[in-house]
Amino acid sequence: MTATMSEGGSVHASAVKVGSRAVLIRGPSGSGKSRLAFELILAGRSGQLPPTVLVADDRVRLDTGAGQLLVRAVAELAGLIEIRGLGIRRCDFVEQAEVGLVVDLAADDAERLPPPEALRTSILGVRIPRIPVKSGFSPLPLVVAQLTTADGLTNLNTSADCFKGIGNHITPTLATD
């Protein structure tokens, strides 16, 4: 999935700043972008993640600066988030953040063990880590795992470090039988 700019330079997506970088959430209408954004904000408030604040919901503007992808709210929607069942609510927000992770909801290429090339994307020429999420699968545990267990893909052990030799264990102590 690639970001496509529409008239006025906005993209149908949501974003939250987790710690020092933003999670850009893309997907078709009704796929759960606003829900994931709010779940991440709640995870930040509960201490599961670093402090987390809304950047934008529903429409974002993307730009580059110093080789980084930047995201900000569309002015008319700044500080607003949809909470299904409650409507549009006001929320603390930041004006801009550097994107550090892209989550693609309802992704056609989502797999149990995705190939490395599926875990990166390029937006406006900037390469960024990516999580493809299958329809009907909760994205929150995947995003929390990415943000709390790995720095990109470099901290994951390879099959040489796994006693079972199948390469899907984080540490050898998890797979000793």
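Bear in mind that the values in this text are calculations on the coordinates, not laboratory data. No experiment lies behind these values; they were computed from the predicted model shown. Virtual Cβ from ideal backbone geometry, glycine too; neighbours counted across all protein chains shown.
ALA78 to GLN48: FRET efficiency via 1/(1 + (r/R0)^6), r the Cβ-Cβ distance, R0 30 Å, to the nearest 0.05?
After rounding, the FRET efficiency stands at 0.70.
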Subject >> Charge context of GLY65, other residues only, Cβ under 15 angstrom, K/R +1, D/E -1 >> reply: 0
Original post:
Antiparallel as a % of all DSSP beta bridges within region 7-151, to the nearest 5?
Top reply: 75
**OP:** Grab the Cα-Cα distance for SER29 and SER135, subtract it from 0.36 nm times how many residues apart they are, and report the gain in nm with one decimal.
**Re:** 36.9 nm
Subject >> Interchain or long-range residues, amide H under 5 Å from LEU49's placed H >> reply: GLY44
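What are the trypsin sites (Lys or Arg not before Pro) within region 11-97 that DSSP puts in a loop, where the Cβ has at most 11 other Cβ atoms within 10 Å?
Passing sites in region 11-97 are ARG84.
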**OP:** May I ask you to compute the full-extension gain from ARG89 to THR148, defined as 0.36 nm times their residue separation minus their alpha-carbon distance, rounded to one decimal in nm?
**Re:** 18.4 nm
Original post:
For LEU113 and ALA66, FRET efficiency with R0 = 30 Å and r from the beta-carbon atoms, rounded to 0.05?
Top reply: 0.30
